[in-house]
Amino acid sequence: MDIRHIDADILILGGGTAGCWAALCAARASAGKGLRIVIAEKARIERSGCLAAGVNAINAYIGEGRCPQDYVDYARKDAAGIVRGDLLLSMAEGLNESVRALEALGLVILKDETGGYAQRGWRNVKINGENIKPLLAAAVRAQDSVTVLERVNVCSYLVEDDTILGAVAFGVTEKVCYALRARAVICATGGAAGLYRPNSPGFARHSMWYPPFNTGAGHAMGILAGAEMTSLEMRFVALRCKGSVAPAGTLAQGAGARQMNSLGQVYEHVYGLTTAQRVYGTRQEELEGRGPCVLRVDALGPGEREDLYKAYLNMAPLQTLRWVEEEAAAGEDMNASSLGVAVEGTEPYVNGGHTAGGYWVDSRRQTSIRGLFAAGDVAGGSPQKYVSGAMAEAAIAATAALGYAREVVLPAQEAPGASFAAIFNEARDFLERPGALFTVEQLEEAMQQNMDEYAGGIASGYRYNDAQLDRAEERVRELTHLSGGLRAPDMRDLLRIYELRERLVLCRSLIAHLKARRESRWPGFGEHTQCPGSAASGLRYVNSRLEKGEIRIIFRDLVSEGECYEHSD
Amino acid sequence: MSIVIEQESCNGCGRCLAVCPGALLCANAKGRAEIRYPADCWSCAACVKSCARGAIALYSAPACGGRGGLLRARREGEILHWVISLPDGTQRTISVDRRSANRY
Ligand SMILES: Cc1cc2nc3c(=O)[nH]c(=O)nc-3n(C[C@H](O)[C@H](O)[C@H](O)COP(=O)(O)OP(=O)(O)OC[C@H]3O[C@@H](n4cnc5c(N)ncnc54)[C@H](O)[C@@H]3O)c2cc1C
Ligand code: SF4
Ligand code: SF4
């Protein structure tokens, strides 16, 4: 295997929404200074991460008559208090600028009669989001100072004395190992999917809402390097269209659909309107025998159904295929009739873009590892980010990373250290091993089944108790051990081994977090059956660090807006 | 959920291989595109939209309610024509203009 050495001033891991935007901001802010900005991306930036298929709206925007604090209040309420006020406020302050910047890149945004953005509620603007990622990618590619390494899977940090030195990556299609050195690193690898058994396992296992290629790499690298993580136990469960797993928001907020049970009763107000309560309500209705729950749109005029189909083609095309198939099966033109879509909860994700799980960062988005910053769905404490919030965070992280990088001198070219050699040798072992009893697929299935049954997945109605979590933890350890004996016939298979191992690392921390929170603050996202309801003592963060191979839980007091949080211990 | 690639229509240009976010597509011995990990497809349709020959179609897995329909895409300037072919031989085209925002 070849070894390629690449040095950067700013190294960005993951070229998704946050990664691309961080690169653009850093490039613009340092124009003419000769800085080297490198993005390392496992896919290709034109279609990668959450935005690969397109998105339906910009979900975070401060509409007319509202202010950033309103957004903070909304996000705090939705997360039942477990948010970082400092992070939310600085993110909210950057939302509208992000949206304007997207429009400047060519994103089509719907306007009202006065020329302002047509709003869907006070926080959403309507767009054509099909080409949002190609637009971002084109802007990145136009920057001379940005180099994009693609089909490169980052799998480990290089850290010394709690300070980042760079990262190690492997080619996905080429037999190359990358030794990436940098003054500052921004982690933007997104959230984590595929930890739990999905709604349709087997052949359809990747029909999941969150991108299955976002595997928690950034989290795992951080955990193994001793970074502090926060709120992983606030998992995200999405309510999505059954089968296609397409977002339901377009139907609910856009087309005014009502969510009802099989008796035709609108049930939402019984359970409450936070994201977690909506999921909880749907699950309860089903458990109590009033399923399936559907989103129903009664009054669709002629042509409106076609518009709905188009909106879905722009972000989740399979849902439109499904509708057309249904129409054909019903044998009639249903253009003017009502429309009902069954909804269900997904498997849980770790997703700092919707909930609060991810890296514990200071107010400037620096993690507890010096010189390592985090933005987007991988960063914790600041839920309800969506596209524009991920960008706002990326802008903050880019500014901070530039400031940090200025003070750091890269050592002259040196032979890769011991930790690099260990990572390189491990990969070589996977590639050269003559045979293995188990496959990645088998171990992944076992991991997902274990999490599903014992760590609050779909099968257990998102519920768990201590004894189950202990079993889950034990099995994750065993599977981690077994994964060390896997075999990779080529580089694509090596990628798969890393993806599995990342998920296992994150699962272990997630289980520890679920156990540490002695309450059930977000019932739709998970319930600890021994600790029902919220506890007053629960109003604090559950954080963790891997120390000497064991996970140490750290409880921290809430940080509110107006405070500037710095790492001190 | 996954895709099918019609071998007769594929000219081996490699666009779909380059674009797939999961690196699931490879060139086969004849230089044509093939999905190496069919069960790992996320149905994002990036490959479908990238293929100028209309050789790639998306379908729903039976476990996700699929009924055998195929979804292809053809680009014409700013317009993306989505063509749905149903098992009974009927077709339906829905054309989306990139320049107009979602109504919903
Ligand atoms: C299906 C879906 C629909 C959504 N719809 C909307 C919407 O309509 N409106 C809205 O505002 N928000 C929406 N969101 C949320 C929004 O898209 C995300 O919050 C945001 O894009 C997150 O940005 P990110 O950069 O953190 O993650 P991503 O954009 O996913 O980027 C992560 C990147 O890291 C790369 N990566 C991962 N691991 C590695 C590794 N080991 N090495 C190298 N690269 C790696 C990935 O390939 C990817 O490119 C949606 C999300 C999803 C999943
Ligand atoms: S884009 Fe179409 S023609 Fe080109 S390799 Fe892929 S399937 Fe073949
Ligand atoms: S639909 Fe998306 S995930 Fe599936 S093969 Fe095509 S590009 Fe890859």
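So is A:Ile132 more than 16 Å from ligand 2 (Cβ to nearest atom), within 14 Å of another protein chain (Cβ to nearest Cβ) and in contact with a Leu (Cβ under 6 Å, 6 or more places away or on another chain) or not?
Numbers: more than 16 Å from ligand 2 (Cβ to nearest atom): yes; within 14 Å of another protein chain (Cβ to nearest Cβ): yes; in contact with a Leu (Cβ under 6 Å, 6 or more places away or on another chain): yes.
When the stated conditions are applied, A:Ile132 passes them.
Return yes when B:Ala39 is more than 13 Å from ligand 3 (Cβ to nearest atom) and more than 14 Å from the chain's Cα centre (by Cα) and no when it is not. So B:Ala39 does not fit the description; no. Against the condition more than 16 Å from ligand 2 (Cβ to nearest atom) and farther than 25 Å from A:Asp2 by Cβ, how does A:Arg205 come out, does it pass? Judged against the criteria, A:Arg205 is a match.
Of the strands (runs of 3 or more DSSP E) lying entirely inside the stretch A:82-190, those containing at least 3 residues that are modelled with pLDDT of 95 or more are A:146-150, A:152-160, A:163-171, A:176-187. Within the stretch A:440-469, the set of residues being over 14 Å from A:Arg205 (Cβ atoms), of a type outside the set (A, V, I, L, M, F, W, C) and in contact (Cβ under 8 Å) with a residue 12 or more places away in the chain comprises A:Asn450, A:Glu453, A:Tyr454, A:Gly456, A:Gly461, A:Tyr462, A:Arg463, A:Tyr464, A:Asn465, A:Asp466, A:Gln468.
Listed here are the strands (runs of 3 or more DSSP E) enclosed by chain B that have at least 1 residues being more than 29 Å from A:Pro198 (Cα to Cα): B:25-27, B:70-76, B:79-85, B:91-97.
Of the residues B:Ile56, B:Ile5, B:Ile35, B:Ile94, which is in contact with a His (Cβ under 9 Å, 6 or more places away or on another chain), at pLDDT 95 or above and open to solvent by less than 40 Å² (accessible area, probe 1.4 Å)? Don't jump to the end; show me each part of the working.
Values: B:Ile56 fails: in contact with a His (Cβ under 9 Å, 6 or more places away or on another chain); B:Ile5 fails: in contact with a His (Cβ under 9 Å, 6 or more places away or on another chain); B:Ile35 fails: in contact with a His (Cβ under 9 Å, 6 or more places away or on another chain).
Answer to the check: B:Ile94.
Taking every residue in the stretch A:195-209 that is facing chain B (nearest Cβ under 7 Å) and within 19 Å of A:Gly461 (Cβ to Cβ) and pairing it with any residue that is more than 13 Å from ligand 3 (Cβ to nearest atom) and open to solvent by 10 Å² or more (accessible area, probe 1.4 Å), at least 6 positions away or on another chain, the pairs with Cβ-Cβ distances below 7 Å are A:Ser200/B:Ala63.
Residue under question is A:Glu46, and the condition is that it be surrounded by 24 or more Cβ atoms within 10 Å (Cβ to Cβ), among the charged types (D, E, K, R) and either touching a residue at least 40 places away in the same chain (Cβ under 8 Å) or over 24 Å from A:Arg364 (Cβ atoms) (or both); does it hold? Answer is no for this residue. Looking across the stretch B:51-62 at every residue that is more than 8 Å from every other protein chain (Cβ to nearest Cβ) and among the small types (Gly, Ala, Ser), the one that is nearest to A:Leu313 (Cα to Cα) is identified as B:Ala57. Only residues that are away from ligand 1 (no atom under 14 Å from the Cβ) and open to solvent by 10 Å² or more (accessible area, probe 1.4 Å) were counted across the stretch B:41-53, and they come to 7.
One residue stands out among those in the stretch A:146-178 that are touching a Lys or Arg at 6+ places or on another chain (Cβ under 7 Å) and among the small types (Gly, Ala, Ser): the one that is surrounded by the fewest Cβ atoms within 10 Å (Cβ to Cβ), which is A:Gly171. Does any residue of the stretch A:451-458 turn out to be on the phi > 0 side of the Ramachandran plot and of a type in the set (Gly, Ala, Ser)? Looking through the stretch A:451-458, at least one residue is on the phi > 0 side of the Ramachandran plot and of a type in the set (Gly, Ala, Ser).
Annotation: of all residues in the stretch B:1-42 being near ligand 2 (Cβ under 10 Å from one of its atoms) and among the small types (Gly, Ala, Ser), the one that is farthest from the other protein chains (Cβ to nearest Cβ) is B:Ser9. Candidates in the stretch A:307-317 are the residues that are open to solvent by 10 Å² or more (accessible area, probe 1.4 Å) and facing another protein chain (nearest Cβ under 7 Å); of these, the one that is farthest from the chain's Cα centre (by Cα) is A:Asp307. Taking B:Ala18, is it over 22 Å from A:Asp490 (Cβ atoms) and either within 10 Å of ligand 3 (Cβ to nearest atom) or aliphatic (A, V, I, L, M) (or both)? Here the answer is no, as B:Ala18 does not meet what is asked. Considering the stretch A:1-35, the residues that are β-branched (Val, Ile, Thr) and surrounded by 23 or more Cβ atoms within 10 Å (Cβ to Cβ) include one that is farthest from ligand 3 (Cβ to nearest atom), namely A:Ile10. Does A:Gly340 fit the bill of being within 13 Å of chain B (Cβ to nearest Cβ) and open to solvent by 30 Å² or more (accessible area, probe 1.4 Å)? For A:Gly340, the condition - within 13 Å of chain B (Cβ to nearest Cβ) and open to solvent by 30 Å² or more (accessible area, probe 1.4 Å) - is not met.
Looking only at the stretch A:35-58, count how many residues are within 13 Å of chain B (Cβ to nearest Cβ) and part of a loop (DSSP other than H, G, I, E, B). Break it down stepwise before answering.
Filtering the stretch A:35-58 for residues within 13 Å of chain B (Cβ to nearest Cβ) gives A:41-58.
Remaining after also requiring part of a loop (DSSP other than H, G, I, E, B): A:42-44, A:48, A:52-54.
The number of residues fulfilling the criteria is 7.
Scanning the stretch A:188-203 for residues that are among the hydroxyl-bearing types (Ser, Thr, Tyr) and either open to solvent by 10 Å² or more (accessible area, probe 1.4 Å) or over 28 Å from A:Ile45 (Cα atoms) (or both) turns up A:Thr189, A:Ser200. Given the conditions (1) within 30 Å of B:Gln91 (Cβ to Cβ); (2) open to solvent by 10 Å² or more (accessible area, probe 1.4 Å), and given that A:Val270 satisfies all but one, which numbered condition is not satisfied? If we test A:Val270 against (1) within 30 Å of B:Gln91 (Cβ to Cβ); (2) open to solvent by 10 Å² or more (accessible area, probe 1.4 Å), just (1) comes out false.
The values are calculated or read from the model by the stated rules, or taken from the named source; none is laboratory data. Small disclaimer: the values here were computed from a predicted structure and weren't measured. Every residue, glycine as well, gets a Cβ built from its backbone with ideal geometry; the counts of neighbours run over all protein chains shown. These area figures cover heavy atoms from the full protein model, side chains too; ligands, DNA and RNA do not enter into them. Shrake-Rupley method; radii C 1.70, N 1.55, O 1.52, S 1.80 Å.
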